[in-house]
1. Within region 195-205, is there a residue that is exposed (fewer than 13 other Cβ atoms within 10 Å of the Cβ) and in contact with a Gly (Cβ under 7 Å, 6 or more places away or on another chain)?
2. For the structure I just gave you, tell me whether residue 150 is crowded, with 17+ Cβ neighbours inside 10 Å, assigned by TED's automatic domain parsing to the domain that holds residue 35 and among the charged types (D, E, K, R).
3. Go through region 160-182 and count every residue that is within 15 Å of the chain's Cα centre (by Cα) and of a type in the set (D, E, K, R).
4. Any chance region 106-113 includes a residue that's crowded, with 16+ Cβ neighbours inside 10 Å and within 16 Å of the ligand (Cβ to nearest atom)?
5. Listed residues 90, 52; which is of a type outside the set (Phe, Trp, Tyr) and crowded, with 20+ Cβ neighbours inside 10 Å?
6. Taking the conditions exactly as written (part of a helix (DSSP H, G or I) and within 23 Å of residue 78 (Cβ to Cβ)), does residue 206 satisfy them or not?
7. In region 114-141, how many are surrounded by fewer than 19 Cβ atoms within 10 Å (Cβ to Cβ) and away from the ligand (no atom under 16 Å from the Cβ)?
8. Need pairs with beta-carbon distance below 6 Å; first residue among the β-branched types (Val, Ile, Thr) and within region 68-96, second within 10 Å of the ligand (Cβ to nearest atom); sequence gap 6+ or separate chains.
Amino acid sequence: MDKIQLAIARLKEFELKDEPYFLAFSGGKDSITIKKLADLAGVHYEAVYNVTTIDPPELVYFMRKVHPDVRFSFPPKAFLTRVPERGFPTRLARWCCEEYKERGGIGRRVVTGIRWEESRRRQQRRVVEPCFKGNYKVFVNPIIDWTEQDVWSFIKQEKLAYCKLYDEGWKRIGCLFCPFTPRTRRKMQVAHYSGYRKAFIRAFVRLHENRKRQRPEVVARWKDGREMFWWWVNEAKQVAKKQLSFSETETRLLYQCRGALEVQTGRETSERETIHSLMEDYLNKVAPEEIEQPVLFE
Ligand code: SF4
């Protein structure tokens, strides 16, 4: 059985008789692939796009035009409203995926387009898996064993329309200015999407003011929110100097560090705060010449 037939068989096999799949649709190449496979399999589904409010306009345009059947699910608060409250996401401490990307599908069978090839973390995933994080759902990942090439071959074979950003060099399409986007591309986005850039800077200015009132030591290194924003845009490289990943052992270590920090400060602390504190330690230990200074190029 080839990969296409296998993916179709998986979708048929795990469909519930009395409830359509919740198809997590992002508008990217993997999503258009699973949607087409679901059509070929003849299974029932509801395709849902979780709006993050920092979505590339070209992607939204593509989905509205080519996939009008996809339901747009809006979050209670815009991303840039949450930044002044929760802080900025980083590669080590991202709060936003859970809040914006992983919404919906509670109690349902959720079809995703994740693939093993995408990351080491995803290599732990299975074709079908229950998820107990937050509320219960069951993930069905029909193309988990596909390569990127398999996906593009399928798109060509089926003559599927795709978002034009791929032809402009985007490898993965997602939130604008996401800390997981390679640094050069992220800086290009920041230069290109000037409206979003201004809105991000306004959010960072509010965040800086909030933190200055609550915990001035946390933001002491930045003159203001604008400088903090440009540091954030360049931050990926600083962290990438010594790539950190989270194995089981590292996660355990993180919890130990969290405990130690709570003892030190005498109050309850979060995983995110622990990571920030570890990053501070790390940055303090690295020789200054190893750290790229923020480029304030606006
Ligand atoms: S994709 Fe990036 S910016 Fe978007 S929610 Fe996830 S971590 Fe945040």
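The values are calculated or read from the model by the stated rules, or taken from the named source; none is laboratory data. Remember, it's a predicted structure, so these values are computed and weren't measured experimentally. Ideal geometry is used to build each Cβ from the backbone, glycine not excepted, and the neighbour counts take in all protein chains shown.
1. Among the residues of region 195-205, not one is exposed (fewer than 13 other Cβ atoms within 10 Å of the Cβ) and in contact with a Gly (Cβ under 7 Å, 6 or more places away or on another chain), which makes the answer no.
2. Here the answer is yes, as residue 150 does meet what is asked.
3. 2
4. Yes, that holds for at least one residue.
5. Residue meeting the stated conditions: 52.
6. Spelling it out, residue 206 is indeed part of a helix (DSSP H, G or I) and within 23 Å of residue 78 (Cβ to Cβ).
7. 16
8. Listed pairs, sorted by first residue: 90/179.
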